[in-house]
Every structure is written in C-alpha cells, then in structure tokens.
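The values are calculated or read from the model by the stated rules, or taken from the named source; none is laboratory data. Predicted, not measured: the structure shown is a model, and the values here were computed from it. When we count neighbours, we look across all protein chains shown, and the Cβ atoms used for this are built from the backbone with ideal geometry, even at glycine. Keep in mind that these areas ignore ligands, DNA and RNA; they rest on the heavy atoms of the full protein, side chains included. Shrake-Rupley method; radii C 1.70, N 1.55, O 1.52, S 1.80 Å.
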Amino acid sequence: EKVAPVWFQVDPSVIDKQDPDCVWRVRSRVVPNKQGRKGRGRERETIYELWSPVRWVALLVKLQLPLRTFQVRMLDSGEADTWRWQNGDWSVNQSPLAKGSEARPHSNGVFLRPNQLVDGDSKVLLHINTNKTADIGKEGNQKGYNVPWILGGPLHQDPFYWLEKLRCWQEKYNPISRLTKWQELDA
C-alpha cells in the first residue's frame, strides 16, 4: 500500500517565496555517480520540495465535522462545478474543467450553492459526496448528502475556510488536468 508523501519534489520555479501558504525546503541527497565519472561512486544532489497540507486539512476537517475518514478523503473540491465558492461568495467557475450552465448547473463539490426556496437563508452548504450504504444504486451527484454548517467563526472551527484554502493551494501547486476517478486514488 503506497502512502502519499507529505513532502514532494518540485522544480524550483514552482516555489512562490511570497506566498505564506507555500511551505518549501531545500535538501541534498546522495545519489550514485553518473557513468563515466571517477570517484567514490556517489555524489550529492540538491532537491527542492513542497509540503502538502492535504493530510493536515483532512485531520482538521475530521475534528470539525462528524465525518468518517473515507468521507473526508473523497470530498470533491469542485473544479467541475458550475458555481465556485470563494472569499465568502459565489461566482461562475472559470476552470476549464467546469461543467453545466447557470440554468442547469453541475454541482458535486464540497461547497454547495443552496436552492434558496428549499434551503432558506443558507449562503453555502457542505456537500458530502459519499454516504456508504445509502448510496447503493445511486449515480454520480445523486450520492451523498448536504450539511448546513456555521459559516465563519474562529478559523480553527471553520471548515469552509480550510477547504477553500486547500482547494486554492491544490490549484496553484498541484493542479489537475482532468477529474480524478475514485478508483485512481491510493491509500
């Protein structure tokens, strides 16, 4: 079983030294000499690495919300949703992965734009896109359930803040070019 690393190697050009959310380090490692070089058979190589906040945010969300680990791992950050939750408001998602239209929106991400007629005054809901046995026989965005949750408050208690922050970090430092199927995820 392969476990995703907390630190991952990047090209130095990826590092944004002005971004407080970009946690990086430089380290050297010993590698075998390239063929044809004389010496002891080993040399040092400098590598640049970024710290991934994914595990930290997953643990924090588990502490904030009554969710199972699997549910937190499967949360969809909404790259394909028609509407995008950012900075406390909704706008049309400009991602090339976005689906749907304003009239017929696609929505499967953790940030759910509520139907004001059904959901009342809620500005945003949490969409948990998997619900174990209750999902049997359901398709795509019919799976899961919606959770009203307090918006704002202290940062350590605000899952909207941390999930949005993680999504923005992912888009900048670990972007996707296509949607990921659950079967492609490792441990």
Exercise. Over 28 Å between Cα atoms, which of 17/181; 62/181; 99/143; 62/123 qualify?
Worked result: 17/181
Exercise. Rolling a 1.4 angstrom probe over the protein heavy atoms, how many square angstrom per residue are accessible across the chain?
Worked result: 67
Problem set entry | Only Lys, Arg (+1) and Asp, Glu (-1) charged, at Cβ; the chain dipole about Cα centre in debye | 1100
For this session: Please name whichever of 9, 134, 154 sits farthest to the positive end of the charge dipole of the chain, dipole taken about the Cα centre and charges placed at Cβ: Lys and Arg +1, Asp and Glu -1.
Result: 9
Seminar exercise, completed: Taking Cα atoms only, helix 54-64 is inclined relative to the longest principal axis of the chain by an angle, in degrees rounded to 10, of 30
Exercise. Roughly what angle does helix 159-173 make with the longest principal axis of the chain, taking Cα atoms, 0 to 90 degrees, to the nearest 10?
Worked result: 40
Problem set entry | Fraction of alpha-carbon pairs over 26 Å apart in the chain - percent | 42
For this session: Please sort 143-156, 78-91, 61-74 by packing, taking for each peptide the average over its residues of neighbouring beta carbons within 10 angstrom, highest first.
Result: 78-91, 61-74, 143-156
Exercise. Over the chain, what is the mean sequence separation of C-alpha contacts under 8 Å (at least six apart), divided by residue count, expressed as relative contact order in percent?
Worked result: 18
Problem set entry | FRET efficiency estimate (nearest 0.05) - Cβ-Cβ, residue 151 to residue 172, R0 25 angstrom | 0.55
Seminar exercise, completed: In whole percent, the Cα-Cα distances of region 127-180 spread across 5 Å bins from 0 upward as 4, 15, 16, 17, 20, 19, 8, 1
Seminar exercise, completed: The answer for the net charge of residues other than residue 92 whose Cβ lies under 14 angstrom from its Cβ, with Lys and Arg +1 and Asp and Glu -1, is 0
Exercise. What is the log10 of I(q)/I(0) for region 72-132, computed with the Debye formula using one identical point scatterer on each Cα and no solvent, at q = 0.16, 0.22 Å⁻¹?
Worked result: -0.49, -0.91
For this session: Could you let me know the centre-to-centre spacing of region 35-104 and region 137-156, using Cα atoms, in angstrom?
Result: 18
